[in-house]
Amino acid sequence: MGRFERLAKLEAKLLRRRDHLRAALQDDLETLTRMSPVGGDLADVALEIGYEDVISQLADSESRELRSIEEAISRLRSGTYGDCQGCGKPIPLARLEVIPDATLCVKCQRLVESSGCRDWSQYQQRAYDRAGRD
Ligand SMILES: [Zn+2]
């Protein structure tokens, strides 16, 4: 399979994931709106409150992933998809096929992880701050 076909497959995968996440988020929001702490006995209320936390955390992580997937789709359309945000080199397709919304190659990802940073921009900021102090 050529690069073009592999990218087309990746795009289809990203679109499927996006639709899935959108539907899941919609469900979560509906569940959250339906749930109300009024009515039922106290035990039910406590249970619902715990459940509400779980759902809203789930919705949080789903919307973060959705954002990342949507960014990947727009990179695909603008032709910058698969470029490593760190070193600018192309991320191998094999990696993208596992993590379609990856923005870093394995090398740069390891740099970020081993420094305990959240992402590349935080890593860069820290490196910048360090340079400023020396
Ligand atoms: Zn890189």
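Here are a few things to note about the model shown:
- The set of residues from region 77-89 being surrounded by 13 or more Cβ atoms within 10 Å (Cβ to Cβ) and within 10 Å of the ligand (Cβ to nearest atom) comprises 83, 84, 85, 86, 87.
- Qualifying residues in region 113-134 (those that are within 20 Å of residue 68 (Cβ to Cβ) and part of a helix (DSSP H, G or I)) - the one nearest to the ligand (Cβ to nearest atom): 120
- Condition check for residue 110: in a helix (DSSP H, G or I), within 11 Å of the ligand (Cβ to nearest atom) and either over 18 Å from the mean Cα position of the chain (by Cα) or within 22 Å of residue 65 (Cα to Cα) (or both): yes
- Annotation note: Cβ proximity below 7 Å between a residue of region 74-85 that is touching a residue at least 24 places away in the same chain (Cβ under 8 Å) and a residue that is of a type in the set (Asp, Glu) and surrounded by 10 or more Cβ atoms within 10 Å (Cβ to Cβ) (sequence gap 6+ or interchain) occurs for 76/11.
- When the residues of region 108-128 are filtered to those that are of a type in the set (D, E, K, R) and either open to solvent by 70 Å² or more (accessible area, probe 1.4 Å) or touching a residue at least 24 places away in the same chain (Cβ under 8 Å) (or both), the one that is nearest to residue 72 (Cα to Cα) is 118.
- Some residue of region 99-107 being of a type in the set (Lys, Arg) and either more than 9 Å from the ligand (Cβ to nearest atom) or touching a residue at least 40 places away in the same chain (Cβ under 8 Å) (or both): no
- In region 67-76, the qualifying residues are those that are open to solvent by less than 20 Å² (accessible area, probe 1.4 Å) and not small (Gly, Ala, Ser), and the one that is nearest to residue 23 (Cα to Cα) is 69.
The values are calculated or read from the model by the stated rules, or taken from the named source; none is laboratory data. Keep in mind it's a predicted model, so treat the numbers as computed, not measured. Using ideal geometry, Cβ is built from the backbone for each residue, glycine included, and neighbour counts are taken over all protein chains shown. What goes into the accessible areas is simple: the full protein's heavy atoms, side chains included, and nothing from ligands, DNA or RNA. Shrake-Rupley method; radii C 1.70, N 1.55, O 1.52, S 1.80 Å.
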